[in-house]
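Each remark here refers to the structure printed beneath this line.
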Amino acid sequence: MNIVQMIESIKKHPEYDKAGMILCHNGVVRATSRDGRKVAGLRIVVDHDKLEQVISEHKQRPGIVEILVHINENRDLSLGDDVMYLVVAGDIRENVISTLNDTLNAIKSQLTKKTEFFIHQKFFSGEHNERKNFHNIGILGNDRFHISLRRRRR
């Protein structure tokens with residue numbers, strides 16, 4: 001599913017005529033974590049029972065017509081990959097913006113678990129040699145690398 005398909009689905013909702021706004025969130029894998037470490041990718045796990053509960057609760061808010069969520073879960077995601085789409089339709093901007101914000105915060109804090117894959121660079125101190133030998137180790141997924149560079153002592 002993608003955001004365009006989600007918007008088209010909302011436009012077919014029986015109460016779509018009450019909507020004055022559709023607001024979308026598209027979360028993507030970024031190159032650094034919140035603490036500044038370099039990220040190679042991530043994996044998301046979702047508690048679907050809690051997700052249904054959050055969506056159901058937030059749909060009851062004033063002016064909200066529909067909330068759709070798609071999370072790319074249980075697979076290794078690389079930099080730039082889409083992590084989550086969240087689409088909220090409702091009557092007026094204040095209702096839709098606050099609902100999207102609260103729904104997004106609930107999803108991220110209460111019902112998803114994120115595992116980030118980091119890029120580590122380690123250089124061991126030792127004698128300086130003209131000849132530099134480096135060794136790459138570790139692979140995550142088919143095309144994602146966990147890089148640890150280590151200088152070999154001769």
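Quick note: the coordinates plus some simple rules give every number you see, no bench work behind them. As the structure is a prediction and not an experimental result, all values here were calculated from the model.
From the backbone phi of region 36-45, what are the Karplus-calculated ³J(HN,Hα) couplings (6.51 cos²θ - 1.76 cosθ + 1.60, θ = phi - 60°) in whole Hz, Gly and Pro given as x?
Along region 36-45, the couplings run x, 6, 6, 10, 8, x, 7, 9, 10, 10 Hz.
If you average 1/r over all unlike Cα pairs in region 1-87 and invert the result, what Kirkwood radius do you get in angstrom? Kindly include the intermediate steps, with their values, before the conclusion.
Working: mean 1/r = 0.0683 Å⁻¹.
One over the average 1/r among Cα pairs gives 14.6 Å for region 1-87.
Which length gain, in nm to one decimal place, applies between TYR16 and THR32 when the Cα-Cα distance is subtracted from 0.36 nm times their residue separation? Spell out each step's value before the answer.
Numbers: separation 16, 0.36 × 16 = 5.76 nm, distance 3.85 nm.
Working it through step by step, the gained length comes to 1.9 nm.
Amide H neighbours of ALA40 under 5 Å, counting only residues 5+ apart in sequence or on other chains, H built in-plane at 1.01 Å?
Under 5 Å from the amide H of ALA40 lie the amide H atoms of PHE117, PHE118, ILE119, each far enough along the sequence or on another chain.
Once fully extended, how much extra length lies between ASP47 and CYS24, figured as 0.36 nm per residue of separation less the alpha-carbon to alpha-carbon distance? Mind dumping the intermediate values first?
Working: separation 23, 0.36 × 23 = 8.28 nm, distance 2.16 nm.
Extending this stretch completely gives an extra 6.1 nm.
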